[in-house]
Each structure stands twice: as C-alpha cells, then as structure tokens.
Amino acid sequence: GDSVTQMEGPVTLSEEAFLTINCTYTATGYPSLFWYVQYPGEGLQLLLKATKADDKGSNKGFEATYRKETTSFHLEKGSVQVSDSAVYFCALNFGNEKLTFGTGTRLTIIP
Amino acid sequence: NAGVTQTPKFQVLKTGQSMTLQCAQDMNHEYMSWYRQDPGMGLRLIHYSVGAGITDQGEVPNGYNVSRSTTEDFPLRLLSAAPSQTSVYFCASSYRGGSGANVLTFGAGSRLTVL
C-alpha cells in the first residue's frame, strides 16, 4: 500500500539555521504531496503542496520540490525562527478523501 | 468562518463507557473524516464520508461508529471505550482543490483518555 517515510526526530536547531526534513513516499501512480504543520495544542494546517512532478510548493519561507525520480518531497527553509517550532507531517493523496501521513517530525528552534 | 469545530476538547472515560465526539464544519465541504493521532504513528484514518448519507471505513475503524445525516455534521461514536482508544482525535473536512489535490482543514482536536 501507499506509505510515507519521514526522517525521525526530534530535530533541534538554533535560530537562523538551515532546515531540511526528509520525506520519501511509496505509491502506485503519482500522488499529490503535502506538508502539514501542527503547532502546540492545535490541529494540523496545510503548509504547502505540490500536485505533479517538479512542482515546487512554498509558503512562509518553506519550500519543497516534488521529485518523481527519487520519490521525495523534502521540506527546506533557509533561516528558521523560534516560531517555526512545531511538528511537521508529510502526506500524500490521490485526490480522494484519504490522506496517508508520515509519522511526523518534531522541530524545536532554540533562540 | 469557524472552520471545523470539535467538541469536547478533553474527555476522560472509564472502560466500557460510550460517548460521542462531535464535529461540525461550515465550509460546505463534501468530504469529512476522522483521524486518530498516536505517538510515533502519525495520523491514521478511522472513518470518512464523501457526502451526506455516505460513510466508509478507514484504516482503523474497529470500535468506532459514524453517521453523516447532514453536510455539516460528522459525529464519531465510541461504542464501548477501551484503553487502546486513548488518543487525540482530529476531525477534518476537505474539498478537491485545483489540479485534483484534496486539501484538509482540521479541527483543534479532542484528547480522550480511557481508564
């Protein structure tokens, strides 16, 4: 079946550091790919998405590029802030009602 | 817009008790779904609905019941609570966005503890 694998956390970085959170997927066909973010005590919210190969999703300084050849959708940010501390989930979907999520990566940014 | 509203935010049950988690959305979304979030396991789909009167099972449906009598509401019922159902539950509604991607809007979550 479809699956999403994320790098294990927790990840701790200093403010202004470069961030990469790895995400790879296994699926039959070409899904849409997402990054969701969960701030403490809140539900998940969409951070960015990409719907086809080579698409780049971006939002709030975060970027991820849909790489069909490596089945990856790594999340990057050039300079993280304390307010970026959250849990990040990679997910895939084939346009129906079911999303398949990774296990989540907890990110903590130290001032 | 309120978005997706879940109640209650916290609940403690004893084994064998039943309860209903409420979920309502005001965005006229067709799709609604329930997920549970457990440490190290991400989110797992419990039940989902593609419209009023239509529901189906997700990945982990056992011990849960749902119904969808209106577009707005999608309650999740625990029939006889077990400690294994201790979790954080999220309701989500969704639409099929541009290019066919299904974008979810989540509620704030309901933390359930079963003793």
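Between residue A:30 and residue B:115, the simple spin-label model (points 7 angstrom out along Cα→Cβ) gives 5.5 nm. Kirkwood hydrodynamic radius (Cα pairs, Å) of the stretch B:7-115? When all Cα pairs of the stretch B:7-115 are included, the Kirkwood radius is 14.0 Å. Here the label points at residue A:45 and residue A:3, each 7 Å from Cα along the C-beta direction, are separated by 3.2 nm in the simple model. Over the stretch A:52-104, with a single point scatterer placed on each C-alpha, what log10 of the ratio I(q)/I(0) does the Debye formula yield at q = 0.14, 0.15, 0.31 1/Å? These q points yield log10 I(q)/I(0) values of -0.44, -0.51, -1.29. When A:79, A:32, A:14 are compared by accessible area at a 1.4 angstrom probe, the order from most to least is A:14, A:79, A:32. Mind jotting down the distance between the C-alpha centroids of the stretch A:1-40 and the stretch B:1-66, whole Å? So the two Cα centres are separated by 24 Å. The candidates A:67, B:111, arranged from most to least accessible area with a 1.4 Å probe in the full protein assembly, appear as B:111, A:67. Note on the protein assembly as shown: lysine pairs with Cα distance below 17 Å, sequence gap of 8 or more or different chains, count 8. Here the average projected area of the convex hull drawn through the C-alpha atoms of the protein assembly as shown stands at 12.2 nm². Dividing the convex hull volume of the alpha carbon atoms of the stretch A:1-78 by its residue count gives 110 Å³ per residue.
The values are calculated or read from the model by the stated rules, or taken from the named source; none is laboratory data. Predicted, not measured: the structure shown is a model, and the values here were computed from it. When we count neighbours, we look across all protein chains shown, and the Cβ atoms used for this are built from the backbone with ideal geometry, even at glycine. Side chains are part of the model used for accessible areas, which takes the heavy atoms of the whole protein and leaves out ligands, DNA and RNA. Shrake-Rupley method; radii C 1.70, N 1.55, O 1.52, S 1.80 Å.
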